[in-house]
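Asker: Mind having a look at this structure? Questions to follow.
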Amino acid sequence: MNPKLVELALRKQRLQLRSAEERDALVRHAQALTPVFRGVDRVVDGVRWARDKAPILSGIGIFLLVARPRAALRWARRGWLGWQLVRRVRTLVS
């Protein structure tokens, strides 16, 4: 057999082993981020739920505005500030 082909086959095998080790290391490091990803998934699910239930949430908001205007305005201000924060973070990340 050609020595050059043997050398190439050995190099290929070493690279494959190294790639497998690096993939395993990446999986181990990514497991540390699992709680963060779960938290992000929960937030995304909550936003999706709120979008699906927008008419109901709007009705509740109007009811609270009529029944308890001061508390409703306080929560509206908090929501507005949260939304502004999300927009700013989004522009920083993008």
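Asker: Hey, among Trp75, Trp83, which residue is surrounded by fewer than 11 Cβ atoms within 10 Å (Cβ to Cβ) and either in contact with a His (Cβ under 7 Å, 6 or more places away or on another chain) or free of Cβ contacts under 8 Å to residues at least 40 places away in the same chain (or both)?
Answerer: The unique qualifying residue is Trp83.
Asker: Would a scan of the range 49-63 turn up a residue that is charged (D, E, K, R) and exposed (fewer than 10 other Cβ atoms within 10 Å of the Cβ)?
Answerer: Checking the range 49-63: at least one residue is charged (D, E, K, R) and exposed (fewer than 10 other Cβ atoms within 10 Å of the Cβ).
Asker: Let me ask something else. So in the range 42-62, with the set limited to residues that are more than 22 Å from the chain's Cα centre (by Cα) and not hydrophobic (A, V, I, L, M, F, W, C), which one is nearest to Ala72 (Cα to Cα)?
Answerer: Gly61
The numbers here are math on the coordinates, done by the rules we state, and not lab data. Small disclaimer: the values here were computed from a predicted structure and weren't measured. Here Cβ is always computed from backbone atoms with ideal geometry, including for glycine, and neighbour counts include all displayed protein chains.
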